[in-house]
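A quick write-up on the structure given underneath.
The values are calculated or read from the model by the stated rules, or taken from the named source; none is laboratory data. Keep in mind that what you see is a predicted model, and the values were worked out from it rather than measured. Glycine gets a Cβ as well: all are built from the backbone with ideal geometry, and neighbour counts include every protein chain shown.
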Protein chains: 2
Amino acid sequence: MNKILGLLMSFALVLGLVASAASANTKDYKDASKDKKTTHVQVVLFDGFDLLDALAPYEVFAAAGMYSKGAVTVELVSAEGKRSVPSGLNGPALEAQAALDPNRPGIILVPGAAGKPAGNSEDAVPNILAQAMKTDLPGMLKQAFNNKEITVATVCGGTLIPAMAGLLKDRHAVTNHIGMAALGALGAIPIEARVVEDSPRFVSGGGVTSGLDVALYLVDRELGPQVANSVEKLFEYEKRGTVWKAEGITPVDFNTSPKASEEKQPAAISVSTAEK
Amino acid sequence: MNKILGLLMSFALVLGLVASAASANTKDYKDASKDKKTTHVQVVLFDGFDLLDALAPYEVFAAAGMYSKGAVTVELVSAEGKRSVPSGLNGPALEAQAALDPNRPGIILVPGAAGKPAGNSEDAVPNILAQAMKTDLPGMLKQAFNNKEITVATVCGGTLIPAMAGLLKDRHAVTNHIGMAALGALGAIPIEARVVEDSPRFVSGGGVTSGLDVALYLVDRELGPQVANSVEKLFEYEKRGTVWKAEGITPVDFNTSPKASEEKQPAAISVSTAEK
């Protein structure tokens, strides 16, 4: 039984999500390169939020905190402060630990909503989003968008909240594929990618599970690839998709301008390299 | 603005996790083939459980309930009954809605633990698991394993709970890769796959995110592939890995018996089809 406990110990050693053990060689490299900079992440809960949208990133950041000896910290917050926040459709509630601080440097992550399809009932998604828009959240997000030390990240339907607040005009963004038309109607530029970085200060993700990719990308960006890779191994998940950014060669769009590409590009093979 | 609300409505229509809308043609097929059979899923919480292990399957089953008009129902339970159950490492608590009923037909899903690495502190994983073993949970799982109408599913470190209860002797199973040696030491047969079905009544998953695959597999098995596919599209996730089962051709193991395979199989190309 001692042997089994020993094996469980080693299991616990890596599985435990706490910032107390890290390999020495990784640590030396990190302390030297990062000067003990800490990134704080606020995951924003609102009535009717979607559980996975919020908790998948939460757990990625928590694990990254463990592997980096606390270089990233994460907490659940709400616009109203410390309170129990019900998730959508009678799902379990989560306790927001503090009030969202829209001026605190770091990352603010906004999940989507889960609610009844259509209708005008209290627990229908349009009403959940409309209720969220009546809180202090949109104003706080506006402050955050204006703060150069803050990155706003959104997951799934969460992208629609800053969009409805008029904060995504002409900005590149993604949401659940079902909400892409609404995103465009709200003035954003919908991009079909799993994760979109409009600028270093606004990163959005697609449907539900893309929250894993949004968080892994931000861990990579803020702490480096080694910590992100360690979280991936622990979670047995590999970040999916290339993060879309408004840089590099703009690919020919064969869907919307077939004639232009045909006329200008005699050989299909040369299309991707001939321009720019 | 009406147009945007309309778009949001259509977004809500599919995103909302409630059992009230399903496409008619899918429904007709299902009602005919399943005779309105309902599968009930109990996700078991215990002090120190891992959030994603529990909630990723929870949300897959909840979405499957929506797409099947309630052919699957899911609730959070605990061995002790309705109570607030703290997740590991000061993570948020979730409210168990009822007591685990070990005799209720359907699926019982056991998540893993999240705790401090090593040590003997209260919040170290070995202690969290040891505490869970002192509750009524192991005895309840034994009852469930003996009930032919119940499938027990485990995710990540959750597989170690029935293993420590002596319920996995000579049974095929998987846990987080870090815990595979412990699983073997506890008498199970560790299988390196993302999801393992030892028999139709015991299904285990690997690390954290494999809970998505465990749940999607069970949705496919119980409700059919169309509902599982709809959940995948909503979540923007595709089930990963072939579910391992003790059936079909046993592949040559080149790691443990290189000589045997070399001597018996003159041409490498014939290895996979020549035996059985």
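Taking the numbered list (1) of a type outside the set (D, E, K, R); (2) over 18 Å from A:M164 (Cα atoms); (3) under 20 Å from the mean Cα position of the chain (by Cα); (4) surrounded by fewer than 22 Cβ atoms within 10 Å (Cβ to Cβ) in turn, A:V41 passes all entries but (4). Among the residues in the stretch A:94-102, are any over 17 Å from the mean Cα position of the chain (by Cα), at pLDDT below 95 and either assigned to a helix (DSSP H, G or I) or within 9 Å of another protein chain (Cβ to nearest Cβ) (or both)? Scanning the stretch A:94-102, I find no residue that is over 17 Å from the mean Cα position of the chain (by Cα), at pLDDT below 95 and either assigned to a helix (DSSP H, G or I) or within 9 Å of another protein chain (Cβ to nearest Cβ) (or both), so the answer is no. Taken over the stretch B:170-195, the criterion of being surrounded by 24 or more Cβ atoms within 10 Å (Cβ to Cβ) and either among the aromatic types (F, W, Y) or touching a Lys or Arg at 6+ places or on another chain (Cβ under 8 Å) (or both) is satisfied by B:V174, B:A188. Candidates in the stretch A:203-227 are the residues that are in contact (Cβ under 8 Å) with a residue 40 or more places away in the chain and surrounded by fewer than 22 Cβ atoms within 10 Å (Cβ to Cβ); of these, the one that is farthest from the chain's Cα centre (by Cα) is A:Q226. Restricted to the stretch A:155-202, and to residues there that are closer than 16 Å to A:V243 by Cα and touching a residue at least 60 places away in the same chain (Cβ under 8 Å), the residue that is nearest to the other protein chains (Cβ to nearest Cβ) is A:N176.
Only one entry of B:A144, B:A130, B:A64 meets the criterion of being small (G, A, S), out of contact with any Phe, Trp or Tyr (no Cβ under 8 Å at 6 or more places or on another chain) and surrounded by fewer than 24 Cβ atoms within 10 Å (Cβ to Cβ), and that entry is B:A130.
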